[in-house]
Every structure is written in C-alpha cells, then in structure tokens.
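Take a look at the structure set out below.
The values are calculated or read from the model by the stated rules, or taken from the named source; none is laboratory data. Just so it is clear, the model here is predicted, and its values are computed rather than measured. Here Cβ is always computed from backbone atoms with ideal geometry, including for glycine, and neighbour counts include all displayed protein chains.
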Amino acid sequence: MSIALDNPAAVRRAAMDLLARREHGRVELTRKLRSRGAADELIEAALDRLADEGLLSEARYLEAFVSYRARSGYGPLRIREELIQRGLARGDVEQALRDSGINWRENLQDTWQRKFAGELPRDVRERAQQGRFLSYRGYPPELIGRLLRGALDD
C-alpha cells in the first residue's frame, strides 16, 4: 500500500523517511520523491523547508559519502566522479574531498594490501593488472606508479 504524495505533509514525511535511513543530496532526494509521484512544486517547498531546518544538508551528505566510499577502498578520482554524476556542484565536491582529512596514500596502500596481499608485481602483466584495479578504484596514476615501484613513501 503506497501513500499518495499529493500534499505538503505527505511529501515532507516521505522525504524525512528517506533522510532517516541515510543522508541524501537534494538532487537525489528530488529524484526519489518524483519517482514516488510527488509534484515538483511540493518537492521544492518541502526540501527548502527541510534545508532551512537543517535536516537536509549537502555538506553532511558529501562528508558521509566521501567517508563511506573511502572506507570501501575507493580513491578521490572515483568518488569525485560519482558525486558529480549525482548532480552535486564540482566546487562543493572538491571542497568535501579537501576537508575529508583522508590520507589517500594510506588508503591506496590499504586497498592494495587487501587485494594483492602486499606483493609487488613480478612482471609486466601483474603490474598492469594491479594498476588497472587501482585505477578503476579511482586512485591517481602517479600514486599507483609509485606504489607499484615500491617507492610510495618517497
């Protein structure tokens, strides 16, 4: 049984239900409410009110997303791209990555250690395999190269 999102109270309740589960960005929350049948003008009014009350915060969403993805072993390039695809402003994303306090070098080392048991590549094929994996995860090529040469701490 779905609830009709045809009045401000219903749209607000649906938005708060989504925010209770996890932080959402405004674009993502708008998309979800729209897919549930809410009208755009009701969505905008509800989200404006939630933002004014501090219940909807792009900064909190960015912080939570960056932290979660970094703990999952993803690098700054991949996280940046995912957030931009989710409709967040590039400047806000860049600021969130800078403010995260994450040591991407350590994060890269941990991800590599978990996946490859800390074994440096023995040949060109293994080096390419490890490099592709870490690149897909979103780490900068210069850090990957230094790691795979055994010179990450230099």
Residue check for ARG125: more than 30 Å from THR30 (Cβ to Cβ), of a type in the set (Lys, Arg), in a helix (DSSP H, G or I) and outside the structural domain of HIS24 (by TED's automatic domain parsing): yes
Subset of region 59-84 (residues that are without any contact (Cβ under 8 Å) to a residue 24 or more places away in the chain and hydroxyl-bearing (Ser, Thr, Tyr)): TYR68, SER72
Which listed residue, of LEU62, LEU42, LEU56, is aliphatic (A, V, I, L, M), closer than 30 Å to GLY138 by Cβ, surrounded by 14 or more Cβ atoms within 10 Å (Cβ to Cβ) and out of contact with any Leu (no Cβ under 6 Å at 6 or more places or on another chain): LEU62
Every residue from region 116-143 that is surrounded by 15 or more Cβ atoms within 10 Å (Cβ to Cβ) and under 21 Å from the mean Cα position of the chain (by Cα): PHE133, LEU134, SER135, ARG137, GLY138, TYR139, PRO140, LEU143
Residues of region 47-67 satisfying the condition of being assigned to a helix (DSSP H, G or I) and of a type in the set (A, V, I, L, M): LEU47, LEU50, ALA51, ALA59, LEU62, ALA64, VAL66
Conditions (1) of a type outside the set (Phe, Trp, Tyr); (2) in a helix (DSSP H, G or I); (3) at positive phi; number of the one not met by GLY37: (2)
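To keep it simple, each residue is scored yes or no on (1) within 26 Å of LEU152 (Cβ to Cβ); (2) charged (D, E, K, R); (3) at pLDDT below 95.
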residue	(1), (2), (3)
GLY54	no, no, yes
ARG69	yes, yes, no
GLY75	yes, no, no
ASP110	yes, yes, no
ALA117	yes, no, yes
SER135	yes, no, no
Residue in region 108-117 that is part of a helix (DSSP H, G or I) and under 19 Å from LEU29 (Cα atoms) present: no
Criterion: out of contact with any Phe, Trp or Tyr (no Cβ under 9 Å at 6 or more places or on another chain) and within 30 Å of ILE102 (Cα to Cα) - qualifying residue of LEU56, LEU77: LEU56
Which numbered condition SER100 fails, given (1) touching a Gly at 6+ places or on another chain (Cβ under 7 Å); (2) within 22 Å of GLU58 (Cα to Cα); (3) of a type in the set (Ser, Thr, Tyr): (1)
